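A quick write-up on the structure given underneath.
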């Protein structure tokens, strides 16, 4: 039982515990997923895994998002992003930083992307440096690596399942990664533009514009990162998400980030896609259906996972 728990923990961590070289191989080149090209490292399917619902021609209600949706090529746990789902970055376009934003960006040291200073990184000057500066996991500054919440944009980008739970006055997003719950209020309350207390997940309100769910979020704790490449934000960040169910098994998401402290202009995301997984296809090794519990527990993540896997990958050996 304990060994199975550790295996699940490793899978849930998205492979960040392995060496920087291997981590870099997992990252798709910018735009590769949308173009249908295979990412570096290979092994990604060009069609949806059978674990997903395959029938796109089934009738559906555009306002019904209830169900388990994923951007993971294997459905859940250990895969990369599915071939048409976009990658783990916020956008292919280079962000335009203010001086303060550049300072915060330079201070962040991610372990995801092409290895800093490697021949691989130097061979791709067309990519933003944010995608070419990965350091060994033991040397990063990633808040999520220390069991802190990842924040809303990064959680939406991460390729693990999200269950949408629809209630009369709200939608709950239940993330398998870290097993968090996010609330999107649909009860008519106005957005909270300048809250007294910042939150890891911010304050989110939603409304429908035709068949598009529009979500406005403010008050997000600036210790979170925008994406896996360490792009920062401030306490003034405003995020607009636009969700549209385009067929029976696909939801498309586009996001616009506005943060005058950090970026000189609004930053528009790459289109991200989520595909529907029937509940019976999401289950534990014992056959228990539903999202896998993937908490970041310091007792496991920090004391065991980091010391046994992450730190040795960065050359730090614990006796």
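Observations, loosely collected:
- Looking across segment 265-302, the residues that are out of contact with any strand residue (DSSP E or B) (no Cβ under 8 Å at 6 or more places or on another chain), surrounded by 12 or more Cβ atoms within 10 Å (Cβ to Cβ) and either at pLDDT below 70 or at positive phi (or both) come down to 300, 301, 302.
- Subset of segment 198-232 (residues that are touching a helix residue (DSSP H, G or I) at 6+ places or on another chain (Cβ under 8 Å), part of a loop (DSSP other than H, G, I, E, B) and buried (at least 20 other Cβ atoms within 10 Å of the Cβ)): 201, 202, 224, 225, 226, 227, 228, 229, 230, 231, 232
- Qualifying residue in segment 182-196 (condition: in contact (Cβ under 8 Å) with a residue 60 or more places away in the chain and surrounded by 18 or more Cβ atoms within 10 Å (Cβ to Cβ)): no
The values are calculated or read from the model by the stated rules, or taken from the named source; none is laboratory data. As the structure is a computational prediction, the values presented were derived from the model and not from experiment. Backbone-built Cβ (ideal geometry, glycine too); neighbour counts: all protein chains shown.
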